Structures are given as structure tokens and as C-alpha cells.
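Notes for the one structure printed next.
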């Protein structure tokens, strides 16, 4: 769910609260691993799921400049503007966790990013994401 919000962000979005309010107000997702959209908008998502997703989104938003600097350093031959938006969103989310969430093992972060890439990205997304995140993890990982 966090990926979906991050994907919808525009760079330098000034009011993250407004983005989150609009997103949660207009979309509902199942709480299973796929987070597929639900037709019934009256269904409420659990507060824990919302809180965790918002923590990730706020973290990416607050540290976007630093995250993008690191991504640029390790995405040789790729500018951020050339990357598929979903790949960039996955990389931003995972890089945030690698850089700012020391309690989560790097291998878990990278594996989750690869699995998300398989679900939402292209055929090349998993290896592309893995290559960049592996390099970041070696330098900045805990």
C-alpha cells in the first residue's frame, strides 16, 4: 500500500497529509499480501496497516532528496527520470528502509522489493531493483 502512495507522489509534493487523506479517502485495499483494490469503500482498513504504510510514505517523503542522491549514485547509466515510475517508487521505498530502518534486515528489505517488483513491475524490474539495492546495502547497510 505504501508503494501505491509513493507511486502517486510527485517530486517535491508539499503537503503529504493532503496526499495521504486523498489516497485513503478514495481507495480501499485488501490487507493481504497483494493489497488488491476493494469495491466496497465502506470497508475500513486496520489502524496498524494504515499506520505502517503512512510511516513508510512519510519517511520517503521527508528524506526524498537524500534517497534520490543515493539512488543516483548507484543507478549507473540510468537517470531517475528515465526509470519506470513503478521501479523508482520501489527503489525509493526500499532505499528508505535500507538507510533509515536499521531494525529491518537488509535481506528482508531487498527480498520484499524484488517480490513487489515481480507483482507490479516489468519482467526486468526484479533484477534491476536487486542490482541497485544490493549495492546500497553493501555501503549503507546495517
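Every number in this text was worked out from the coordinates using simple rules, so none of it is lab data. Source: prediction; values computed, not measured. Ideal geometry is used to build each Cβ from the backbone, glycine not excepted, and the neighbour counts take in all protein chains shown.
Quick look at the values:
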quantity: Separation of the residue 52 and residue 101 label points, Cα + 7 Å toward Cβ, nm; calculated: 0.9
quantity: Amide N of the range 98-142 lying under 15 Å from the label point, which is placed 7 angstrom from the Cα of residue 69 along Cα→Cβ; calculated: 99-100, 140
quantity: Inter-label distance for residue 8 and residue 84, nm, one decimal - labels placed 7 Å from Cα along Cα-to-Cβ; calculated: 2.1
quantity: Extension gain (nm, one decimal) between residue 16 and residue 112, 0.36 nm per residue minus Cα-Cα; calculated: 32.1 nm
